[in-house]
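Each remark here refers to the structure printed beneath this line.
The values are calculated or read from the model by the stated rules, or taken from the named source; none is laboratory data. Being a predicted model, the structure only gives us computed values, none of them experimental. Please note: Cβ atoms are built from the backbone with ideal geometry, for glycine as well, and neighbour counts cover all protein chains shown.
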Amino acid sequence: MKRTTILAAIAVTGTAAAALAHSGATGIVKERMEAMKAMGDAVKTVTPMMQGEAEYDADVMRDAARTFQEHSGEALTELFPEGSDGAPSEAKDVIWSDWERFEELARLLDVYGEGLEGAAGNGIAGGGNMDTGSMMGGSSGMGSGPMMGGSSMMGSGSGMMGDAATGMMSAEDIAQMPADAAFNMTTQVCSACHSRFRAEDD
């Protein structure tokens, strides 16, 4: 499950990098393509560590987390003013008709990125750097259900404590998780946003 999630994240963010190469991008469209590329590059940098192909490096994970934070929340939504659709943009019109959902995902990415930065020093599940079993109740800490099952991003089967007012985990909660579980959560926000709001390549 963990490997599948990571590979899905690579596919999603890889297309963001391709979008940057589209000719004719200028102004705000170019700026948001560059932001997406930066986040995609961050995912690609971390992924080998998540797959056991590179030694885990907490500083690299922190850098990736800071990249997510830099390009999320209001910093992300302000890159999508009304009227900025159309080629070469790959933004779907539904962004502006479902703006509250787009804002929610942008905000979640900021919170989860902050949590990921805090979790970076925890090591990865099964990596021998922490007692993940007692903290998370399982090898991945992700529960058996998908994290993206509802608008709260916290499917009812996840078994994780969230903010009672918003239904989402706080950065402080995420910072207590293994780094790979926090990374998976963060990239799932990216995947959810792209699935709903980014047009597929022809």
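Points to keep in mind about this one:
- Taking every residue in region 23-41 that is closer than 15 Å to Ser84 by Cα and pairing it with any residue that is of a type in the set (Phe, Trp, Tyr) and surrounded by 15 or more Cβ atoms within 10 Å (Cβ to Cβ), at least 6 positions away or on another chain, the pairs with Cβ-Cβ distances below 9 Å are Ile28/Phe80; Arg32/Phe80.
- For region 91-128, the set of residues classified as over 26 Å from Ala182 (Cβ atoms) and part of a helix (DSSP H, G or I) consists of Val94, Ile95, Trp96, Ser97, Trp99, listed by residue number.
- Which numbered condition Tyr56 fails, given (1) among the hydroxyl-bearing types (Ser, Thr, Tyr); (2) outside any helix (DSSP H, G or I); (3) at pLDDT below 95; (4) surrounded by 13 or more Cβ atoms within 10 Å (Cβ to Cβ): (3)
- Evaluating Arg101 against the criteria (1) surrounded by 19 or more Cβ atoms within 10 Å (Cβ to Cβ); (2) within 15 Å of Val189 (Cα to Cα) leaves one unmet condition, (1).
- For the condition within 25 Å of Met168 (Cα to Cα) and in a helix (DSSP H, G or I), Arg32 does not qualify.
- Checking each residue in region 70-90 for being modelled with pLDDT of 90 or more and either in contact with a Lys or Arg (Cβ under 6 Å, 6 or more places away or on another chain) or not in a loop (DSSP other than H, G, I, E, B) (or both) picks out Glu70, Gly73, Glu74, Ala75, Leu76, Thr77, Leu79.
- Any chance Met49 is at pLDDT 90 or above and either assigned to a loop (DSSP other than H, G, I, E, B) or under 14 Å from the mean Cα position of the chain (by Cα) (or both): no
- Taken over region 76-96, residues that are under 23 Å from the mean Cα position of the chain (by Cα), in contact (Cβ under 8 Å) with a residue 60 or more places away in the chain and within 19 Å of Glu34 (Cα to Cα) amount to 5.
- Which listed residue, of Thr132, Thr67, is among the β-branched types (Val, Ile, Thr), modelled with pLDDT under 85, surrounded by 14 or more Cβ atoms within 10 Å (Cβ to Cβ) and within 22 Å of Pro178 (Cα to Cα): Thr132
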